[in-house]
Amino acid sequence: MTSDHYRFEQVADGAWAAIALEAGAAVGNAGFARLDDGTSLVVDCGFTPAAARDLRAAAEELAGPAGRLVVTHGDLDHYGGADAFADVPILASETTAATIAENGPGRIAGLQAEMDAYLAELEQQGAPDWELEQGRRIAAEIPTMRLAPPSETFTGERNLGAARAIECGAAHTASDAVVWLPGPRVLFAGDLVGVDNHLNLTRGHLPEAWLAILDRLLALGPECVVGGHGPPAGPEAIETCRAYIETLLALAAEPGDHGMPAEYADWGFPDGFQQNIAALRGRSAGGQSPPARQEQGAR
C-alpha cells in the first residue's frame, strides 16, 4: 500500500513498521502486528487523522481488522490521529491518558489558532520544501481535528495476547510505554528510542532513569527495534541512544559552548542537541530549565 504519510515495512513475521515520511503528516513512526485472534494491534497513530487512516488501512490490509490502538506516550505526533480508531479500544498508561485529557484539547486549540502564523514563519525562514509540505498537510486537517482520548488504561504491564504493553515510567515524557512482541522479538519503543535522530531530554525527567529503562529494554532481547523516529534497526539502536544520553550528560557538566559531536551531525532534528544541553544544565544548576519543546511537527 502507498501513502503520503508512511512507508510500510515488514520487520518480522506478522509485524510491520510504519515509518513517517519526511513531508507527510504522520511526523512520528507507528507500527502494527497480527494477533492470534486475526485482528491487528496498532501502535501509535501519527499527528493527523489522514495519516492515521492510511495507517489503519495498511494494518487491515496486511494484518487484519483493527482490534486495538496502543498509544505509547502523550505527544500529538503519536496520538493526534486517534479519531481514526475511535470505534476500537484505545489503550494508554494511566498517566499518559491523564496527560492527553489535560493537554490535548489545548494543544489542538493552539494549533487551530496558530497554524497560519506557523506556515507564514516557515515561508519567511526559507524552510525546506519537505517541511513546507508537511506544514500544509497538517494545516489542512487542523480546523476539523478532534481529540479521541484513550478508552482503556493500564499500569505496569498489560497482556494483549501475542503482545505486551509495558509501562516504563518517566523518561521522554511523564509516562513512556512500549509494545513488545516476544514471538518475533520486535520492540515498538515509541520515543524512548530514536534511530539517527536526537532524543528529547528537555522535559525535566531524570536522564539517569531513561538509561535504566534502556537497559531494561535491551534485556528483553529484541531483534528489531522500531523507534519513534528513524528507520527500523537492531538492538544496537538502544545502545546508541544510551551512549547519546551519557555523552550529553558529560557535555552539559563541562562549562563552555560545545559543538555537536561528529557522530550526531547528520541526525534528524539537530536543534534538539543544544536544547538538550541547555535543559540538562538548567537541571544541574537547580534553576528553571528552558521550556520543553513540543513533539516534532508543527512546533
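The values are calculated or read from the model by the stated rules, or taken from the named source; none is laboratory data. Since the model is a prediction, treat every value here as computed from it, not as a measurement. Backbone-built Cβ (ideal geometry, glycine too); neighbour counts: all protein chains shown.
For the structure I just gave you, tell me whether residue 59 is assigned to a loop (DSSP other than H, G, I, E, B), surrounded by 24 or more Cβ atoms within 10 Å (Cβ to Cβ) and of a type in the set (Gly, Ala, Ser).
Working: assigned to a loop (DSSP other than H, G, I, E, B): no; surrounded by 24 or more Cβ atoms within 10 Å (Cβ to Cβ): yes; of a type in the set (Gly, Ala, Ser): yes.
Taking the combined requirement at face value, the residue does not satisfy it.
Report yes if residue 72 is among the hydroxyl-bearing types (Ser, Thr, Tyr) and either modelled with pLDDT under 95 or assigned to a helix (DSSP H, G or I) (or both), otherwise no. Step through it out loud before you land on a result.
Working: among the hydroxyl-bearing types (Ser, Thr, Tyr): yes; either modelled with pLDDT under 95 or assigned to a helix (DSSP H, G or I) (or both): no.
So residue 72 fails the test.
Go through the range 105-135 and count every residue that is part of a helix (DSSP H, G or I) and either among the polar types (S, T, N, Q) or under 17 Å from residue 176 (Cβ atoms) (or both). Full working, then the answer.
If we filter the range 105-135 for residues that are part of a helix (DSSP H, G or I), which is where we start, we get 105-124, 129-135.
Remaining after also requiring either among the polar types (S, T, N, Q) or under 17 Å from residue 176 (Cβ atoms) (or both): 112, 124, 134.
Result for the range 105-135: 3.
Can you name the residue in the range 1-33 that is farther than 21 Å from residue 269 by Cβ and without any contact (Cβ under 8 Å) to a residue 40 or more places away in the chain and, of all such residues, is surrounded by the fewest Cβ atoms within 10 Å (Cβ to Cβ)?
Applying the filter and picking the extreme gives 2.
Going through the range 176-202 one residue at a time, which ones are within 20 Å of residue 27 (Cβ to Cβ), touching a residue at least 60 places away in the same chain (Cβ under 8 Å) and assigned to a loop (DSSP other than H, G, I, E, B)?
196, 198, 199, 200, 201, 202
Which of the residues spanning the range 203-242 are without any contact (Cβ under 8 Å) to a residue 40 or more places away in the chain, surrounded by 15 or more Cβ atoms within 10 Å (Cβ to Cβ) and in a loop (DSSP other than H, G, I, E, B)?
205, 235 - these are the residues of the range 203-242 that are without any contact (Cβ under 8 Å) to a residue 40 or more places away in the chain, surrounded by 15 or more Cβ atoms within 10 Å (Cβ to Cβ) and in a loop (DSSP other than H, G, I, E, B).
Each row is one residue, and each column tells you yes or no for (1) hydroxyl-bearing (Ser, Thr, Tyr); (2) farther than 24 Å from residue 139 by Cα.
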residue: 10; (1), (2): no, yes
residue: 14; (1), (2): no, yes
residue: 40; (1), (2): yes, yes
residue: 46; (1), (2): no, no
residue: 52; (1), (2): no, no
residue: 58; (1), (2): no, no
